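Notes for the one structure printed next.
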Amino acid sequence: MIKAGRIERTKTVLVVDDQEINRDFLEAILEEQYAILFAENGQEALEVMTAHREELSVIMLDLMMPVMNGFEVLQRVREDEELQKIPIIVLTAEREAELRALQAGAADFITKPFDEIEVILARVGRIIEMSEGRKLISAAERDPLSGLYSRNFYLEYVSRLFRYHPELHLDAVVLNIEQFHSVNALHGREFGDEVLRVIGSEVRAFLAETEGIAGRMDGDRFGIFCRKQADYAQVLKRFQQKLNERFPDVNIHLRMGVCPWGENADPVTMTDRARSANSMVRRNYKNPLKIFDAEMQRRELLHQRLLNDLNRALEEKQITVFYQPKYDIQSTPPRLSSAEALVRWQHPELGMISPGVFVPLFEGNGLIGLIDNYVWAEAARQVARWREQFGFALPVSVNLSRSDMLDLHLEERLVRLIEENGLEYGDIKLEVTESAYTDNAQMVLDVIRRLRDIGFEIEMDDFGSGYSSLNMLSEMPIDVLKLDMKFISNIAVSETARRLVLLMLDIARYLRVRVVAEGVENGEQLQILRDSGCELVQGYYFSRPVPPQAFEELIRKELQTERTEGK
Ligand code: C2E
Ligand code: CA
Ligand code: CA
């Protein structure tokens, strides 16, 4: 008779242990559910495995045995393409051996003296289910909201799935919600939870139709491994439509990144790639799907290369600083008023690499701090050198990254640079991009306020590209607004652009801060800005960022003009 809910004894377990008492114990607890084979040492185990490879569901392997120990068995199994598909649970009394066994390819371990019977049964059951690519439900492994695997179990199970079923060729998908925090903020957490629930159930419905496994990785991020789909746009559409149906009055937008299966791909790398594909379509409401492609792979390689090469680049001075002048355009002729320090990487093999490539990369992992500190130090030394050379200090602005704000020694570092070079606080200005303010407003504000209180001038960079409200702006510690380049680029051709710039100049006047217009490339733009009352300008019209020697020419020219004027 088959008891309800019980598995038929169609699965076979091989128990390998030299001690009879252990074999008996395992037999006693397993025999109700499984057919059992025995072996007393590694040698015998290999023979049984080879003979019964088709029927074996799992092997329970003692590590300490005469003739051939468990590690050797693991090793042999790993070398055999057929045998390595059978999962092995090792039986061991030592923590350290557990780890070694897992590294050697064991699927799981059971501790001696033996765990509780329930634990052993659960582990054996789970390993079998896993190796068969099926899912087993247990509270700890499930995310209660979505009903999918929780993060750790998801990744763990996926890697086992890859190990035991390399023939499945699953694609990685990462799905998440655009601006989920705003959804939560606007409609409440409970609503947000409901959204996650709906997505979870639709993902499960999807997996029921194809093969695969899914988990909630964190927050609103879902991971899926599934059989290759003909059209991922359709898959995304189905999830999106479900949300539209369930929440017709709320705009919730999903986005999706996919990494197709490929030779040698491991699930962790695939997940990373699906994730970076996903983040490439952030806020891209028109086209919220991205599939990892050759171009992304090239960039990934470049990134790895740059990460590798950074330390050496700093040591060998491949990282250098260029300077771009800022001119006061309300005086005639325009007067050189200060400069911005801009980092450059002269790579011995890759040539000149733009900060547009490596700054975002190193911002992602905090390494930008190394570069920034280097640039700040270099800029401070440069100001001191020029003062020596020309008899006056030309202020230089340096860029601060978001992650610099997290540096507990930021203030101390900057102060030291001023002191070491005998500068005034006004000689080094700090540019902080607008989005850094809005990302983590309070903390950033505190840091910047302190720096400003000491005496540093603060410039808000890329103003107009972020989302600060007028209200927030009036609270922010700023001395200068740098208008984002995109506003300047078409003021000569677009009336709207012109009006926007006027509006921003008004805002600046209201806030009592000065304005730098960035990206001024031609005389027409310059004229419009001058007529609108904009004071400072930076752009190719005057000069591109140039190395210090070339910048000195600009200083000399300036001194020349002053002398002529003064006559
Ligand atoms: P940013 O701070 O907004 O710097 C201005 C960028 O605009 C510079 O690009 C500059 O070369 C470019 N630019 C200036 N005038 C014109 C113009 O008239 N037309 C056009 N088309 N472009 C103009 P660059 O040097 O490639 O730097 C790009 C970004 O990299 C910077 O934007 C800044 O965000 C970042 N960056 C540069 N140096 C550093 C650094 O030392 N530390 C950090 N954290 N970021 C840096
Ligand atoms: Ca800047
Ligand atoms: Ca800027």
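Where a number appears in this text, it was derived from the coordinates with a stated rule and is not lab data. Quantities reported herein were computed from a predicted structural model and do not represent experimental measurements. A quick note on method: Cβ atoms are made from the backbone with ideal geometry, for glycine too, and the neighbour counts reach across all protein chains shown.
Tabulated results
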| read-out | value |
| --- | --- |
| For Ile110, distant residues with modelled amide H under 5 Å away | Val90, Leu91, Thr92 |
| Theoretical gain in end-to-end length, Arg246 to Tyr425 [0.36 nm per residue, Cα-Cα removed] | 58.7 nm |
| Residues Phe456, Phe390, Phe225, sorted so that the one with the fewest Cβ neighbours within 10 Å comes first | Phe390, Phe456, Phe225 |
| Signed unit charges on C-beta, dipole axis of the stretch 419-472, positive-most listed residue Met472, Val444, Asn421 | Met472 |
| Segment Arg312-Arg298, length gained on full extension (0.36 nm per residue, minus Cα span) | 2.9 nm |
| Charge dipole (the stretch 149-292, unit charges on Cβ, about Cα centre) - positive-most of Pro260, Ala230, Val281 | Val281 |
| 3J(HN,Hα) from dihedral phi, the stretch 13-24, Karplus parametrisation 6.51/-1.76/1.60, rounded to Hz, x for glycine, proline | 10, 9, 9, 10, 7, 7, 9, 4, 4, 5, 4, 4 |
| ³J(HN,Hα) computed for each position of the stretch 38-43 - Karplus, 6.51 cos²θ - 1.76 cosθ + 1.60, integer Hz, glycine/proline x | 10, 8, 9, 7, x, 4 |
| Two-site label geometry, Tyr510 and Phe390: point separation in nm, points 7 Å out along Cα→Cβ | 3.7 |
| Mean Cα-pair separation over length for the chain, i.e. relative contact order, pairs under 8 Å, 6 or more apart, % | 8 |
| Alpha carbon centroid spacing (whole Å) that separates the stretch 503-539 from the stretch 487-501 | 11 |
| Value at 222 nm in deg cm²/dmol, rounded to 500, when DSSP H runs of n ≥ 4 in the chain each add -39,500 (n - 2.57) | -15000 deg cm²/dmol |
| Estimated dipole of the chain in Debye, rounded to 20 [Cβ of Lys and Arg +1, of Asp and Glu -1, Cα centre] | 2040 |
| Rg/Rh (Cα only; Kirkwood hydrodynamic radius) as it applies to the chain | 1.12 |
| Size of electric dipole in the stretch 149-292: Cβ of Lys, Arg +1 and of Asp, Glu -1, about Cα centre, debye, nearest 20 | 260 |
| Dipole of the stretch 11-131, positive end: most advanced residue of Val13, Ile88, Ile117 [Cβ charges, Cα centre] | Ile88 |
| The stretch 11-131 - charge dipole about Cα centre, Lys and Arg +1 at Cβ, Asp and Glu -1, debye rounded to 20 | 380 |
| Exposure proxy ranking, count of Cβ atoms within 10 Å, fewest first, for Ile528, Ile89 | Ile528, Ile89 |
| The stretch 373-391-the stretch 204-277 distance, computed between alpha-carbon centres (Å) | 52 |
| Gained length - Glu475 relative to Ala441, 0.36 nm times residue gap less alpha-carbon distance | 11.2 nm |
| Degrees, to the nearest 10: 232-246 long Cα axis against longest axis of the chain | 90 |
| DSSP bridge pairs, the chain: antiparallel proportion in percent, nearest 5 | 45 |
| Distance between modelled label sites at Ile117 and Leu350, nm, 7 Å Cα→Cβ extension | 6.1 |
| Cα gyration tensor shape for the stretch 11-131, rounded if a/c is under 1.5, else prolate or oblate | rounded |
| Where labels lie 7 Å past Cα in the beta-carbon direction, separation of Asp231 and Ser201 in nm | 2.7 |
| Pairwise FRET efficiency - Gln43 versus Glu79, Cβ, R0 = 22 Å, nearest 0.05 | 0.90 |
| Rg/Rh ratio calculated on Cα atoms of the stretch 144-211 (Kirkwood radius) | 1.06 |
| Surface/4 of the Cα convex hull for the stretch 301-566, nm² | 14.8 |
| Angle between the chain longest axis and helix 548-566 axis [Cα atoms, degrees, rounded to 10] | 20 |
| For Met68, Met443, order by how many other beta-carbon atoms lie within 10 Å, fewest first | Met443, Met68 |
| The stretch 446-457 - phi-based ³J(HN,Hα) in whole Hz, Karplus 6.51/-1.76/1.60, Gly and Pro as x | 4, 4, 5, 4, 4, 4, 5, 4, 5, x, 6, 8 |
